[in-house]
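Notes follow the structure.
The values are calculated or read from the model by the stated rules, or taken from the named source; none is laboratory data. What you see is a predicted model; the values in this text were computed from it and never measured. Glycine gets a Cβ as well: all are built from the backbone with ideal geometry, and neighbour counts include every protein chain shown.
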Amino acid sequence: MKCPFCGFADTRVIDSRLGKEGNNIRRRRECSQCERRFTTFERVEEMLPLIVKKDGRRQPFDRKKIIAGIQRACEKRPVSIATIEKIVDSLERQLQESGEREIESNIIGQAVMEALHDLDQVAYVRFASVYRQFKDINEFMSELKDILAEGGNTRDN
């Protein structure tokens, strides 16, 4: 493994531990040249379906994009990164278990919206406003009225 600090190609593992969920291995490494330490994670490469975008393009599933979108929606909200990662972990599991080779992007967007709806109403509305591309204030207000009719509860994390 190449050292992220000096670029030297020879590093050694000084500690390995199973991750909390049991689906990855955390390794502490030390560079043989600069002697700095860093952490790596090893996990099974899973086959996720291709994502079919609205315009027909196909892209590999990108966990980082999903996390970034949820983080933007949850900005300045009481939602931890661990909670966001759990949402994405659950989504990845659902995609793997589906056995599909391709999946429409709207299914992923809908799954994220459902998770945010149960987690934080403000984050849900933020995500929905971008995802659904509300055309005017009336569509936006309609969504807010639906939330208010449900009670508008949020869960703290």
Residue hits (region 17-39; under 27 Å from Gly109 (Cα atoms) and without any contact (Cβ under 8 Å) to a residue 40 or more places away in the chain) are Asn23, Asn24
Yes or no: Ala82 at pLDDT below 95, under 19 Å from Glu21 (Cβ atoms) and in a helix (DSSP H, G or I)?
yes
For Glu42, indicate whether it is within 28 Å of Gln96 (Cβ to Cβ) and either among the acidic types (Asp, Glu) or in contact (Cβ under 8 Å) with a residue 40 or more places away in the chain (or both).
yes
So which of Tyr131, Tyr124 ends up being modelled with pLDDT under 80, surrounded by 13 or more Cβ atoms within 10 Å (Cβ to Cβ) and closer than 15 Å to Ile66 by Cα?
Tyr131
Might you check whether a residue that is in contact (Cβ under 8 Å) with a residue 60 or more places away in the chain and either closer than 24 Å to Ile51 by Cα or in contact with a Lys or Arg (Cβ under 9 Å, 6 or more places away or on another chain) (or both) occurs anywhere in region 92-110?
no
Return the total of residues in region 92-108 being in contact with a strand residue (DSSP E or B) (Cβ under 7 Å, 6 or more places away or on another chain) and surrounded by 12 or more Cβ atoms within 10 Å (Cβ to Cβ).
5
Among the residues of region 19-73, which ones are small (Gly, Ala, Ser), in the same structural domain as Tyr131 (by TED's automatic domain parsing) and either in a loop (DSSP other than H, G, I, E, B) or exposed (fewer than 11 other Cβ atoms within 10 Å of the Cβ) (or both)?
Gly56
Residues of region 50-74 that turn out to be under 15 Å from Leu116 (Cβ atoms) and in contact (Cβ under 8 Å) with a residue 40 or more places away in the chain, as a count
6
